[in-house]
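The values are calculated or read from the model by the stated rules, or taken from the named source; none is laboratory data. Being a predicted model, the structure only gives us computed values, none of them experimental. Positions of Cβ are generated from backbone atoms using ideal geometry, with glycine treated the same way; all protein chains shown enter the neighbour counts.
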Amino acid sequence: MEVASSGSEVDGVTFPDRLRRVHERAGFSLREAATKGGGAFTFAYLNKLLRGEHTPTLDMFVILARLYGTTVEYLRDGRVEVDLLAALIRDPQYRALGMVSPHERANGVALLAAITYPGHMRIDDQAAYLGLSEEEYRAQLHGRTPLTDDTLRGLARLTGVPVGWLRVGHWYWILPEDAQADWTAVAQVLAQVAKK
């Protein structure tokens, strides 16, 4: 288990490496980042973090994650998984994904992850995490090639969205208390049909 320090490594990648990666992606200069950080840190302090000379506090991890569109867990430990389930349930625009085809649903979840966490969950990142080329992943998401079970399971693991919902849609997979009542009703209808 990795200890949260500036020297900790996950697959040879340290906190300063991950911070440098999200900083470069954001396209900010050190001064711009310090300004966008709302005065929580100076550009000199950020430079020291990038060089691994300081270990940030939890509060600083939170500020940096928000600034760079990533998570504290990614910056601190290199953990790429995120939780998009609440966003899918809460927002009607995303709830509508339950009624579209599986590849459109998977594409919507992948895009939501990329928009919400651009620091480490862009489409090319997701493809790499899943062991696919970006072209292969995009082809599956856009329906040009069939979605594989491995891709759906991987996307579910990355985003915290149930794989059953990605496959079938509807909200039974996400709201189990409602699903139980509905599955009981289905079982009763099937039992009545079997009696006839």
Out of curiosity, is residue 25 in contact with a helix residue (DSSP H, G or I) (Cβ under 6 Å, 6 or more places away or on another chain), closer than 17 Å to residue 80 by Cβ and either loosely packed, with under 15 Cβ neighbours inside 10 Å or not assigned by TED's automatic domain parsing to the domain that holds residue 118 (or both)? no
Output for the range 103-121, where each listed residue is closer than 16 Å to residue 21 by Cα and surrounded by fewer than 19 Cβ atoms within 10 Å (Cβ to Cβ): 114, 118
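Are there any helices (runs of 4 or more DSSP H) wholly within the range 67-152 with 2 or more residues that are touching a residue at least 40 places away in the same chain (Cβ under 8 Å), and if so which?
Output list reads 72-77, 85-90, 102-116, 123-130.
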Out of (1) surrounded by 12 or more Cβ atoms within 10 Å (Cβ to Cβ); (2) at pLDDT 85 or above, the one residue 169 does not meet is (2)
Residue 142 being within 26 Å of residue 13 (Cβ to Cβ) and modelled with pLDDT of 90 or more: no
Long-range neighbours under 6 Å by Cβ, at least six apart or interchain, first residue more than 18 Å from residue 61 (Cβ to Cβ) within the range 23-50, second buried (at least 19 other Cβ atoms within 10 Å of the Cβ) and hydroxyl-bearing (Ser, Thr, Tyr): none
